[in-house]
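Below: the structure, in structure tokens.
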Protein chains: 2
Amino acid sequence: MEASRAIAVYIYPGLTALDAIGPYEILRGLPGATVQFVAQERGPVTVDSTFLRLHADVSWDEVKQADILVVPGGNAPSQMRNPAALAWLRQIHATTRWTLSVCTGSLILAAAGVITGGEAATHWSARDHLRRFGVTPSRARVTRQGKIITAAGVSAGIDAALTLAALECDQSTAECIQLFIEYAPQPPFYAGTPETASPEVIARTRLFLK
Amino acid sequence: MEASRAIAVYIYPGLTALDAIGPYEILRGLPGATVQFVAQERGPVTVDSTFLRLHADVSWDEVKQADILVVPGGNAPSQMRNPAALAWLRQIHATTRWTLSVCTGSLILAAAGVITGGEAATHWSARDHLRRFGVTPSRARVTRQGKIITAAGVSAGIDAALTLAALECDQSTAECIQLFIEYAPQPPFYAGTPETASPEVIARTRLFLK
């Protein structure tokens, strides 16, 4: 009999869409996967640009357990200030086999007391914020601490979810998903991290992030 | 004065979410960008897994022009059999500066008569289908034919959209977006194309695709 895998993707206004959809597209390929997009209330949730709405099919009240919890970044401060959000995340995390954050999602997990120390990844621009929680910002693209996997900014969720897929199932299954999404990336430029981008590009991007 | 850039993302039941959201996350970062998710009718559109709904804010009838048109893949046959869909795509394509397909989106563009020959990229498993339209399947991750840019499977839309961003604006702008999404990929495995995946992984993935 095939294992059943309940995946909960936490969504909220202002999240970065690719943070959620990258891991979703991978984890839905796990054998027996069911995915729920969970928000405070059911209904459409407006994401990063205000141009896109993702639909939450279930509310916090309806979800008490998940095998895999995905916490995307974006407007993380709105969640970090919401005690009910943090309580829900703590409660679900207590039931998971894996908890995955992407980008500034790790700040939300730190604010929830799910990440309490050690190393975690986050968006490069938010590394200092992690330190305020006593967490050391990792420079790695994917960082694991027990059952908690943290990814660096936005697109790093894809690498992290493939890593998680192999841990949850096996490498062959993860490779099938990688082949399905034809993930053999060829970035046309070399500016994906502050270590490789030019000072001008870093300065312009910081303005955009404000 | 900043240029205004109207981006239309074509959505339909059964599309592959990452095909649409990868390019969306990049193109929304272009200066002056507005993005519309366009479907046959307004409202929620169920995508690949049935677990996710994206919200269409406008219908075909409401959109007559776009500077950039994005056509994701997924359940491409449903669109290839829909004359009204193909007519809408032809009409919008006639008004664009750039038309971008991802994955089997290039099959839809070929069925619409937008791609009529030459080379185009598509999902590796769909290369033979392109030939039926007199189009040579490219093995490149991103292929350009005039104002038409075609990406290989799913995740290749990210590389293609960054390429498009540089063509539409300049390389520095594209690099800022690359840095924003921290796109310095590190796939944990080496199975992203049929040329690098093992025969067992290819066979399992073909079953999954059926």
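I want to confirm something. Restricting to region B:131-151 and keeping residues that are part of a loop (DSSP other than H, G, I, E, B) and among the aliphatic types (A, V, I, L, M), which single residue is nearest to the other protein chains (Cβ to nearest Cβ)?
The first filter runs over region B:131-151 and keeps only residues part of a loop (DSSP other than H, G, I, E, B), leaving B:132-135, B:138-141, B:146-147.
Pick out the ones that are also among the aliphatic types (A, V, I, L, M) and you get B:135, B:140.
Values: B:VAL135: 18, B:ALA140: 9 Å.
Among those that are part of a loop (DSSP other than H, G, I, E, B) and among the aliphatic types (A, V, I, L, M), it is B:ALA140.
Among the residues of region A:147-176, write down those that are under 18 Å from the mean Cα position of the chain (by Cα), surrounded by 24 or more Cβ atoms within 10 Å (Cβ to Cβ) and over 21 Å from A:HIS123 (Cβ atoms). Residues satisfying the conditions are A:ALA165, A:ALA174. Across region A:59-73, the qualifying residues are those that are within 11 Å of A:GLN40 (Cα to Cα) and not polar (S, T, N, Q), and the one among them that is least open to solvent (accessible area, probe 1.4 Å) is A:VAL63.
Name the residue, out of B:ALA76, B:ALA56, B:ALA17, that is among the aliphatic types (A, V, I, L, M), away from every other protein chain (no Cβ under 13 Å) and open to solvent by less than 50 Å² (accessible area, probe 1.4 Å). Outline the logic, then answer.
Working: B:ALA56 fails: away from every other protein chain (no Cβ under 13 Å); B:ALA17 fails: away from every other protein chain (no Cβ under 13 Å).
Criteria check complete, one pass: B:ALA76.
If the condition is being more than 8 Å from chain B (Cβ to nearest Cβ) and either under 11 Å from A:LEU27 (Cβ atoms) or in contact (Cβ under 8 Å) with a residue 60 or more places away in the chain (or both), then region A:152-172 contributes A:GLY157, A:ALA160, A:ALA161, A:LEU164, A:ALA165, A:LEU167, A:GLU168, A:CYS169.
All but one of (1) over 30 Å from A:GLY153 (Cβ atoms); (2) in contact with a Cys (Cβ under 7 Å, 6 or more places away or on another chain) hold for B:THR116; state the number of the condition that does not hold. Condition not satisfied by B:THR116: (2).
Going by the structure shown, is A:GLY113 within 23 Å of A:LEU27 (Cβ to Cβ) and not in a strand (DSSP E or B)? It would help to see each step written out before you state the result.
Details: within 23 Å of A:LEU27 (Cβ to Cβ): no; not in a strand (DSSP E or B): yes.
Taking the combined requirement at face value, the residue does not satisfy it.
Annotation note: of B:ALA17, B:ALA39, B:ALA6, the sole residue that is closer than 24 Å to B:LEU167 by Cα and aliphatic (A, V, I, L, M) is B:ALA6. Please verify whether region B:181-188 includes one or more residues that are modelled with pLDDT of 95 or more, within 18 Å of B:ALA33 (Cα to Cα), facing another protein chain (nearest Cβ under 7 Å) and more than 17 Å from the chain's Cα centre (by Cα). Yes - at least one qualifying residue is present in region B:181-188.
Scanning region A:67-77 turns up no residue that is free of Cβ contacts under 8 Å to residues at least 40 places away in the same chain, of a type in the set (D, E, K, R) and out of contact with any Gly (no Cβ under 9 Å at 6 or more places or on another chain). In the set (1) within 13 Å of chain A (Cβ to nearest Cβ); (2) at pLDDT 95 or above; (3) in contact with a Gly (Cβ under 9 Å, 6 or more places away or on another chain); (4) not in a helix (DSSP H, G or I), the condition left unmet by B:ASP48 is number (2). The set of residues from region B:67-105 being assigned to a strand (DSSP E or B), touching a Phe, Trp or Tyr at 6+ places or on another chain (Cβ under 9 Å) and within 20 Å of B:LEU209 (Cα to Cα) comprises B:VAL71, B:GLY74.
If you check A:GLY43, A:GLY32, A:GLY22, which single one turns out to be open to solvent by less than 50 Å² (accessible area, probe 1.4 Å), within 11 Å of another protein chain (Cβ to nearest Cβ) and either in contact (Cβ under 8 Å) with a residue 24 or more places away in the chain or among the charged types (D, E, K, R) (or both)? None of the other options fit; the residue is A:GLY22.
Can you name every residue in region B:79-106 that is aliphatic (A, V, I, L, M) and open to solvent by less than 10 Å² (accessible area, probe 1.4 Å)? Even if it seems obvious, please write down each step before you answer.
As a first pass, look at region B:79-106 and keep what is aliphatic (A, V, I, L, M): B:80, B:84-87, B:89, B:92, B:94, B:100, B:102.
Result: B:ALA85, B:LEU89, B:ILE92, B:LEU100, B:VAL102.
Contact map, region B:191-210: residues that are more than 18 Å from A:ILE26 (Cβ to Cβ) paired with residues that are open to solvent by less than 100 Å² (accessible area, probe 1.4 Å) and part of a helix (DSSP H, G or I), Cβ distance under 6 Å, separation 6+ or inter-chain. Pairs shown: B:PRO194/B:TRP124; B:PRO194/B:ILE202. Any idea which residue in region B:177-210 is surrounded by the most Cβ atoms within 10 Å (Cβ to Cβ), counting only those that are among the β-branched types (Val, Ile, Thr) and part of a loop (DSSP other than H, G, I, E, B)? Ranking the qualifying residues of region B:177-210, first place goes to B:ILE181.
The values are calculated or read from the model by the stated rules, or taken from the named source; none is laboratory data. It should be emphasised that the depicted structure is a prediction, and the values quoted were computed from it without experimental measurement. When we count neighbours, we look across all protein chains shown, and the Cβ atoms used for this are built from the backbone with ideal geometry, even at glycine. Calculation scope for accessible area: heavy atoms of the full protein, side chains included, ligands and nucleic acids excluded. Shrake-Rupley method; radii C 1.70, N 1.55, O 1.52, S 1.80 Å.
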